[in-house]
Structures are given as structure tokens and as C-alpha cells.
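A quick write-up on the structure given underneath.
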Number of protein chains: 2
Amino acid sequence: MSEQGLTSYPVDAVNRVKRRHDRGHYDHATVHALLDTAALCHVAYVVDGLPYCTPTLYWREGQTLYWHGSSASRMLRNQSEGQAACLTVTHLDSLVLARCGFNHSADYRSVMAFGHARLIEDQTEKERALVMMVDRFFPDRTATLRPSTTQEIKATAVVAMNIEKASAKIRSKGLADDDEDYAFPTYAERIPVRTVIGAPEQCDRLLPGVTRPATLAGFSAGRLLEHALTEAYAMSYRTG
Amino acid sequence: MSEQGLTSYPVDAVNRVKRRHDRGHYDHATVHALLDTAALCHVAYVVDGLPYCTPTLYWREGQTLYWHGSSASRMLRNQSEGQAACLTVTHLDSLVLARCGFNHSADYRSVMAFGHARLIEDQTEKERALVMMVDRFFPDRTATLRPSTTQEIKATAVVAMNIEKASAKIRSKGLADDDEDYAFPTYAERIPVRTVIGAPEQCDRLLPGVTRPATLAGFSAGRLLEHALTEAYAMSYRTG
């Protein structure tokens, strides 16, 4: 178990960062902040003993992760104990070209979160989750939408998972050759990588007078997606 | 099994695209082309019955996937049959803001590849893989590097997995509201997302006369990472 107190996730063999443990973080602040920078995650499940790695959209609320789980819904239904899952979020920040193969690397930030996934079946809980599935990304948007039908609510599967264990792993040191290798006549560089927003494409069938809400201003061409998502998160949970 | 012949992966309950099956593709051309556009994947394994979803760098050669597998190496050692794994690659291409919650979506391209992962232990096979671990991304680069030491080779774990089954899933239709919802006074748009290369950062300790090789020209500021990686792939395997 963790010796880092209540503001960190407990550490054991499941989530301990084994290789390059100096890159590991377990505190809520680091783990949660990273989780709030992204929309896309990959979730691993076990079905009939075999691993599946599924991409999906997700969000965090407190120590609970939510995701759009249609592909997992049959597996999760009637699993009252929940199904073990690992949800991982990764930003690739650079490719690092060093002077030897061994020091070739990448800068990245990732979180692995472990818990038991359950399908949200309670109607009240589900309706609230469906609001946040939109509003976490686009604050206050649900109130502007055509209301969901009963059939649509039924057809959307939302999965919830309390984070039982988690680790963040961050490499940000860029190029780092061995001291003696700087004497070797090899070209070396760091290639930054970033995920950015393109020019938003308005629907060409907007009704007269319908304009882009101010809450979407953060989603502007050229910005980092993670900045827009982090801001949206802060807006969505500003009262929570 | 597949009825699509030898140029497609067989389809069964494991890899059949269940939800939105119209988005599923199983042919080698689609699956392989998507796999060659990226550097980052997520791999799901099962360890002691629990799922793990690990981000790593990977590449493809024919119907085999390779990845940097240090975190998995203890699990894979002495597993002569290999360990079941699912390697997934995803591009998030847009966020779609529709007029109702149900039609909120994202454009994306993903591949899930299934097989059995094995640690490469044969020395010749491993040395070749370590060359391609660099040269697949940066063609002909290994020849310019300080040669690897025996210790470095030993300390690097490379995993190989023959693709037994695979599926690609692609959504690219952008905004698609229900016909009657276009009469609803909601703002709607598609927000494009792309992963781009930043300005390459040369090492400030390059030796005199050492210049950027022409093979890196594709990695230039503002380009899509996937375009640079696809080109590099074509260069690296031009004779294969």
C-alpha cells in the first residue's frame, strides 16, 4: 500500500511503475490533471481469458472514470461485481533521435488507471452521465440540444469505474545521450509532436440566428487539443 | 472465418466489429496502411487474470507487429506459446457536435490486432529488430549511430506478434444529424483534430560538419505526423 497518504493512489504490484520507476507518479493531482487533458483513451478488458484493447471517449469525475462502452456492454451486463479493466491515456510529446539506438526514445505522458468497470443501469445516474458525456467536453451544451429520447438513452451504454489504483508515467527530458557519445559524429535531434485543433467546420444548415456559443471559444484552430479540453473540464466542473 | 480470401484477416467473434459493423474493415490493405501511419500503440495483456493496457512504440513488417516491450518482458519470458495480446492504434480525427446528444460523436480510424506476443530471444533476430526499431521511423539511421553494446542489446526487450486476426474501424462522416433535427435551433459543428510535428530541435552539441540527413526531411514543422511516418515506412521497406 501507499505510504504517500490519502492524496495518492495506493501502490502495489499492479500499478507500480517497474521500468524507469523515476518516471512514476501516484498522487491524485498528477494523475487527475493528466486524465483531464484528453478525450480519447484505450481500455483493456479480459473476455473469455483474452485481452481486448478498445479506444473510446472518456471523462473523469472525482475518482471515477466514465466512458462510452457500447462494445463492452454485453460483457458488463449483470456483472454486479464489475469487470476488471485498465484505462490508459497517453500523449506522445516527441520522438527523440539520439546518437545510439539505446537512447532513442520519446517524450510522453501517460496514465494507467485500474478498477472494475460496471455498466450504469440506474436511470437517474445514467441520465446524469449522458449530460456530462457532452458537457464535460462542451460546457453547458446539453441544455441547447434536442432532448434525448427514451430509445436513445436506452441505446447508449455508459461505463463507470472507480479508480482503485493508478499511475502516471512521464518522460520529458528530450535528447539525453551518454556523455561520451557526444563525441560521436551523429546527427541528433528532438522532434516535437502535438495534437492540435483544426479550423472548426460549422454545419452549413444552421438555422438563422444560431451562432457559436462562447463556451466553444477554446476550441479554436491551432490550439492544443489538451488545452481546450483542460479548460472545458474546469468550466464543466466549476461548481463541483 | 473470413469469406474475403487470402488478402483479408479471418473474421470471428474476437475481431468482428460488432457495433456499427458498417465501419469495419478486415482486408490487409486497409489494416496495414493504418498500422503504418503511427508510432504509438496501446497493447492489452492479461497478467494473473487482470488486464493491462500499456502504451508503447511499435512497427509492422508483413503480418508481424513489433514493439518495445520492456514492461512486458518478465511476463513473456519462457512463454514458448506466446501470450495473448491485442495491439490497438487509434487516430482521433475530429469531435462532432450534433444537435442531440446521441449524434455527438468523433471521427476516428483504429485498428485492433490480435495474436500471441513473444519476446525475441534469438540474437540474430533481435539485432535485426533493433535496427528496424530505429530505421522504420528514421530510414537508414542505424548505420550512422554509435554501435550498440552487448549490454544495450541485452537490456532492450523487443516483442513480436504475428497478426492472427485484425479489424480496422473507421468513422469519417463528420456531422450527421437526424433529418428532422436540422429544424432544431442548436449550434452544430465538426472540430478537426490532427497530430502534427513541431519545429525539430537540433542537438546543440552536434560536431562540426554534422548536418541533418535528407532522410529526415519528411519530419518538418507543421506536417502531419502520420504523413511523415507513412513516408518513412515506405522508405524503410522499399526493398522488402
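Laboratory data are not the source of any read-out in this text; all were calculated from the coordinates shown. Nothing here was measured: the structure is a model prediction, and the numbers come from that model. Cβ sites come from the backbone with ideal geometry, for glycine too, and all protein chains shown count toward neighbours.
Annotations for the structure displayed:
- Test: A:ASP122 is over 13 Å from the mean Cα position of the chain (by Cα), within 30 Å of A:ILE191 (Cβ to Cβ), surrounded by fewer than 21 Cβ atoms within 10 Å (Cβ to Cβ) and more than 9 Å from chain B (Cβ to nearest Cβ): no
- Matching residues, the stretch B:150-179, being facing chain A (nearest Cβ under 9 Å), outside any loop (DSSP other than H, G, I, E, B) and either among the aliphatic types (A, V, I, L, M) or over 30 Å from B:ARG118 (Cα atoms) (or both): B:ILE153, B:ALA155
- Spans of strands (runs of 3 or more DSSP E) in the stretch A:50-138 with at least 3 residues polar (S, T, N, Q): A:83-97
- Of the residues screened, A:LEU92 is not one that is at the interface with chain B (Cβ under 7 Å from one of its Cβ atoms), touching a residue at least 40 places away in the same chain (Cβ under 8 Å) and either of a type in the set (Asp, Glu) or under 20 Å from A:ILE163 (Cα atoms) (or both).
- Counted residues, the stretch A:98-125 - those being among the charged types (D, E, K, R) and touching a Leu at 6+ places or on another chain (Cβ under 9 Å): 4
- Checklist (1) surrounded by fewer than 19 Cβ atoms within 10 Å (Cβ to Cβ); (2) of a type in the set (Gly, Ala, Ser); (3) farther than 28 Å from A:ILE191 by Cβ; (4) under 23 Å from the mean Cα position of the chain (by Cα) applied to B:SER167, failing item: (1)
- Scanning the stretch B:131-145 for residues that are surrounded by fewer than 20 Cβ atoms within 10 Å (Cβ to Cβ) and touching a strand residue (DSSP E or B) at 6+ places or on another chain (Cβ under 9 Å) turns up just one, B:MET132.
- Screening A:ALA98 with (1) over 22 Å from B:PHE102 (Cα atoms); (2) among the hydrophobic types (A, V, I, L, M, F, W, C); (3) at the interface with chain B (Cβ under 7 Å from one of its Cβ atoms) gives one miss only, at (3).
- Of all residues in the stretch A:34-54, those that are more than 10 Å from the chain's Cα centre (by Cα) and of a type in the set (D, E, K, R) total 1.
- Only one of A:LEU97, A:LEU92, A:LEU65, A:LEU76 that is within 22 Å of the chain's Cα centre (by Cα), under 30 Å from B:LEU224 (Cα atoms) and of a type in the set (A, V, I, L, M): A:LEU92
- Scanning the stretch A:209-234 for residues being within 9 Å of chain B (Cβ to nearest Cβ) and either of a type outside the set (A, V, I, L, M) or in contact with a Gly (Cβ under 9 Å, 6 or more places away or on another chain) (or both) gives a total of 7.
- Those residues of the stretch A:18-33 which are surrounded by fewer than 18 Cβ atoms within 10 Å (Cβ to Cβ) and in a loop (DSSP other than H, G, I, E, B), in sequence order: A:LYS18, A:ARG19, A:ARG20
- Screening B:ALA38 with (1) surrounded by fewer than 20 Cβ atoms within 10 Å (Cβ to Cβ); (2) within 15 Å of B:VAL111 (Cα to Cα); (3) in contact with a helix residue (DSSP H, G or I) (Cβ under 7 Å, 6 or more places away or on another chain) gives one miss only, at (1).
- Qualifying residue in the stretch B:157-170 (condition: under 30 Å from B:GLY222 (Cα atoms), touching a helix residue (DSSP H, G or I) at 6+ places or on another chain (Cβ under 7 Å) and not β-branched (Val, Ile, Thr)): yes
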